[in-house]
1. Among the residues that make up the range 195-218, is at least one of them surrounded by fewer than 18 Cβ atoms within 10 Å (Cβ to Cβ) and within 23 Å of residue 67 (Cβ to Cβ)?
2. Take the range 210-262 and flag every residue that is of a type in the set (S, T, N, Q) and either closer than 26 Å to residue 169 by Cα or touching a Pro at 6+ places or on another chain (Cβ under 7 Å) (or both).
3. When you go through (1) β-branched (Val, Ile, Thr); (2) closer than 22 Å to residue 18 by Cα; (3) touching a Pro at 6+ places or on another chain (Cβ under 9 Å) one by one for residue 180, which number turns out not to apply?
4. Please verify whether residue 26 is surrounded by fewer than 19 Cβ atoms within 10 Å (Cβ to Cβ) and either more than 11 Å from residue 13 (Cα to Cα) or out of contact with any strand residue (DSSP E or B) (no Cβ under 9 Å at 6 or more places or on another chain) (or both), treating the condition exactly as stated.
5. Among the numbered criteria (1) crowded, with 17+ Cβ neighbours inside 10 Å; (2) without any contact (Cβ under 8 Å) to a residue 60 or more places away in the chain, which single criterion is violated by residue 94?
6. Give the number of residues within the range 143-163 that are over 13 Å from the mean Cα position of the chain (by Cα) and within 29 Å of residue 32 (Cβ to Cβ).
7. Are any residues in the range 123-146 of a type in the set (Gly, Ala, Ser) and touching a residue at least 12 places away in the same chain (Cβ under 8 Å), and if so, which ones?
8. Got a sec? Which strands (runs of 3 or more DSSP E) wholly within the range 32-126 have at least 1 residues that are of a type in the set (Phe, Trp, Tyr)?
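Here, each number is a calculation from the coordinates, and none is a lab measurement. These figures come from a predicted structure and were not determined experimentally. Don't worry about glycine lacking a Cβ; one is built from the backbone with ideal geometry, like all the others, and counts go over all protein chains shown.
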Amino acid sequence: MDLDISGKTALVTGASRGIGLAIAQALAAEGVRVVGAARTVTPELEAVAAAAVPVDLSTRAGARSVVDRALAVVGGIDFLVNNVGAGDPEALALGGFLDTDDEQWGRVFDLNLFSAMRTTKAALPSILERRGAIVNISSINARIPAGAPVGYAEAKAALNLFGKRLSEELAPRGVRVNTVSPGPTVSPQWTDPARLGGKVAAVLGVDHGELIAGLPGKFGIASGRLTEPEEVADLVTFLLSGRAANIHGADYVIDGGTLKAA
C-alpha cells in the first residue's frame with residue numbers, strides 16, 4: 001500500500017526509544033523527514049532523524065524550542081506525534097492516592113498532557129498551513145486506571161479528550177487529529193530493569209524477568225503477548241497518511257485484546 005507521505009515532515013516527541021523510536025523509524029522508512037525530540041538522544045534516533053533534539057518537554061520553553069528547531073531544520077511541519085509520556089520511574093510513587101504528593105500529580109500532568117498541549121500549540125500554525133495531521137499517543141490506562149501510577153491514567157484520559165476537542169475544531173480546517181492507545185508494550189518502560197517494570201517488580205518482590213513473562217496473563221491479554229512497538233508505529237504511520245483521510249477524532253486501541261468492554 002502506497003501511503004504517499006514521502007517528502008513530508010514530522011516532529012515526533014519521546015523519540016529516543018520504544019514506541020517513539022519505532023514511529024520515527026517507520027516514518028523515515030516511508031521517506032518522511034523526521035525531527036525526533038527526547039530528553040536523552042540515542043544513536044538509534046540519530047541514525048534515522050533529520051535532527052535529534054535533546055529537550056525537556058515537560059516545560060513550556062522545551063515545547064517551543066523543539067518546534068523552532070524542527071521548523072529551522074525541515075522548513076515546516078506536516079505531522080506531529082505527541083508520544084512523550086510516562087515519566088521518571090525514580091520520581092513516581094507506586095502507592096495509592098494518599099501516598100501520592102501534589103508534586104507527582106504536577107510532574108505527571110506536565111509530561112503526559114501539557115507537553116502535548118504546548119507542543120501542539122507551537123506547531124499548529126505550520127500544520128494548519130500544510131493541512132497536516134496529529135496523532136497523540138495515549139494508553140488503555142485512560143480507561144482502566146488500575147495498575148498505573150496515580151495521576152498517569154488521569155492525565156491520559158485528559159489527553160484523549162484534548163484530542164477530541166482538537167479534532168472538532170481542526171477537522172473543518174483540513175487537519176486530522178487522532179489518538180492511539182497501546183496496552184502493555186515491549187518497550188524499555190517495562191523491559192528495562194531501571195525503569196517502571198523494574199520498580200514494579202521490586203515492589204511486588206518478584207524477579208523482573210518473571211514479571212515480564214507474566215504480564216500477558218496478569219493483564220488478561222487475549223493474544224497472549226505484549227504489543228510490539230513496531231505494531232504501534234505501523235498504525236500511527238497509517239493514521240498520518242492520506243489513506244486515513246476521513247478518520248477524525250478516533251481513539252485506536254492496540255492492546256492484544258486486553259480491554260474486554262465493547
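1. no
2. Within the range 210-262, 227, 237, 241, 246 qualify.
3. (3)
4. No, not satisfied.
5. (2)
6. Number satisfying all stated conditions: 3.
7. Correct list: 123, 126, 132, 133, 138, 139, 142.
8. 79-82
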